[in-house]
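Laboratory data are not the source of any read-out in this text; all were calculated from the coordinates shown. This structure is a prediction, so every number in the text was calculated from the model and none was measured. Here the Cβ is made from the backbone with ideal geometry for all residues, glycine too, and neighbour counts use every protein chain on show.
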Amino acid sequence: MFKHSQLESVKAWLAHPAHAAMPLHARIQRAIRQLILDGALGPGKPLPASRALASSLGVSRDTIESAYAQLHAEGFIERRVGSGSFVAEMTEFAPGLRRSKRGALLRNPAPNLGKRGDAIFRSGGVREMLMPRPFAPGVPETRSFPLPLWERLQRQVLKEVGTQALLHGDPQGAEPLRRAIADYVNLERGARATADRVVVLTSSQQAMTLCATMLLDPGERIFIEDPAYYGARKAFDAAGLECVPVRVDRQGIVVESIINDPRRAKAACLTPSHQFPTGVTLTLDRRLALIEWAARNQAWIIEDDYDSEFHYAGKPTACVQGLDPHDRTIYIGTFTKSLFPGLRLGYVVLPPQLVKPMTVARTLLDGHTASIAQLTLARFMEGGHFGAHVRTMRGIYAERLDVLAGLVRKHLCEFVEPRVPIGGLQMPCVLTCDIPERAAIDCARRVGVELLGLSELHAAGDGKAGFLMGFAAYTPAELASAVKKLANALQTARGE
């Protein structure tokens, strides 16, 4: 017979409101199974006779028999004719379970991962806030997106394409969208693109992962900016590459360090139009020197043009890909920043010889990108709506950047020095007080303000302490409220 505590545990399981939708025999079966998993019923221990347990629980014997039959079918108990039912010995070795010192069976004790899997897991991945709050960086304004227009274009697509849009799509991407992307980057970014050189992906992060796994072998070297975008670094680390940090100054990545490095690298990854996180632009002479380095060494340039649409001072510099006559540059773009993150559409413009290998590789990741979203975006771009939306948001973001810079100078001048960028969706601020960066970030988070630390983006560990302040997704009133909260939080941090 069950001990009193075991019987009470089963009764509590049966009475719990969350289990009310289950049939009675299933609730009893789950309750006994949990006793076994918890170690309260060890291997070889007898279970009560079905008649006795039915009497104790006030149910029919058939109900208990059904519960025992299911436990037997799942391998948790053994039924011996003339002797009764017993906890099975094999549960000691059940997949995914191990026994603690006190006898309880523990699920999933530790993931048995390979080296690459362990590296990916330990990196923490790239996490975005589901509901961003000031000053989460890299987040666009979505509340003013023209949803009625988008819905109308999507209805047009479904009416014209019909059920064809519900089938598998081209892994390289829908041809109308690839054509629209090529036209856009040629006109606005000075690229040299054609529709057949574009591959539509879900994100720039996917493009980084493809480059890391297709162009380099584990252990090979890749030059990256220092500081650098954390997503790129994590993609390369996960692929087993040796990331070689290269200093960034006011003219962008120091290309001389790449050219003069005696140990060759297979690639260099950079954000030349608007460096993340410093906001500087790579000068023309350095761009040309980098192009010549790649051609001479048969190396690749991975150009992440992540938020080049939003330039607030002067005319943006043409992309590196458009200057490269040797086809050694891979150009990565995304609509996450220019439209909205939930769209999950990015792209890569490839040298001709890489199109087929990259397309085949992406079939092993996710097959293809959703056709309806691609065709709707293609129509959005063809109708001039994309350009109009970007121009509108550029004006809004420029105003918000001015507002934030003024608020920081007014309320945070004793703590930080703002480095006002010429573009992008976030502003770097360098700490000028004695508050540790981690303490500043933690105090801010406690009052509902989100900051990304600058020092953690530096591989060499010699970066100035500070943080990024995203401004694009927040109204002037929201920025003002958040800056005042941050000022109070930093005052608190200083007093601790």
Item checked: Modelled FRET efficiency - R0 51 Å, residue 460 with residue 391, Cβ distances, 0.05 increments -> 0.85
Margin query: Quick check: residue separation of residue 247 and residue 327 times 0.36 nm, minus the Cα distance between them. What number comes out in nm?
Written below: 26.3 nm
Checklist line | Neighbourhood net charge (10 Å Cβ-Cβ; Lys/Arg +1, Asp/Glu -1) for residue 298 | finding: +4
Check: Roughly what would the spin-label model give for residue 417 and residue 3, points 7 Å off Cα along C-beta, in nm?
Finding: 6.8
Check: Using every alpha carbon pair in the chain, what percent of pairs falls into each 10 Å bin from 0 up to the bin containing the largest distance?
Finding: 4, 16, 21, 18, 14, 13, 10, 4, 1, 0
Check: Quick one: if the Förster radius is 51 Å, what FRET efficiency do residue 356 and residue 49 give, using the C-beta to C-beta distance and rounding to 0.05?
Finding: 0.15
Margin query: Between 0 and 90 degrees, rounded to the nearest ten: what's the tilt of helix 61-73 against the longest Cα principal axis of the chain?
Written below: 50
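May I ask for the net charge around residue 354, where only other residues with Cβ less than 11 Å from the Cβ of residue 354 are counted and Lys, Arg are +1 while Asp, Glu are -1?
My count for the surroundings of residue 354 gives +2.
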Checklist line | Virtual paramagnetic centre 7 Å along Cα→Cβ of residue 214, amide N under 18 Å, in segment 322-351 | finding: 327-335, 345-351
Checklist line | Dipole magnitude of segment 373-443, debye to nearest 20 (Cβ charges: Lys/Arg +1, Asp/Glu -1, about Cα centre) | finding: 340
Next item on the list: Please name whichever of 212, 50, 466 sits farthest to the positive end of the charge dipole of the chain, dipole taken about the Cα centre and charges placed at Cβ: Lys and Arg +1, Asp and Glu -1.
Entry: 50
Notebook entry, point to check: Hey, what angle do you get for helix 204-215 against the long axis of the chain, alpha-carbon based, 0 to 90 degrees rounded to 10?
Noted result: 90
Check: Check residue 88: other-chain or 5+ apart residues with amide H under 5 Å from its amide H, H built from backbone geometry?
Finding: 44, 77, 78
Note to self: Rounding to the nearest 10 and keeping the result within 0 to 90°, find how far the Cα-based axis of helix 24-37 lies from the longest principal axis of the chain.
What the structure shows: 80
Note to self: Quick check: pseudo-label points 7 Å beyond the Cα along Cα→Cβ at residue 156 and residue 481, how many nm apart are they?
What the structure shows: 3.8
Margin query: Test of understanding: extend the Cα→C-beta vector of residue 127 to 7 Å, then name every residue of segment 452-496 with backbone N under 15 Å from that spot.
Written below: 452-453
Next item on the list: Calculate the spin-label point distance for residue 112 paired with residue 363, positioning each point 7 Å from the Cα along the beta-carbon direction, and give it in nanometres.
Entry: 3.3
Next item on the list: Using a Förster distance of 51 angstrom, determine the FRET efficiency expected from the C-beta separation of residue 83 and residue 20, and round it to 0.05.
Entry: 0.90
Notebook entry, point to check: So how strong a dipole does segment 343-496 carry about its Cα centre when Lys and Arg Cβ are +1 and Asp and Glu Cβ are -1, to the nearest 20 debye?
Noted result: 380
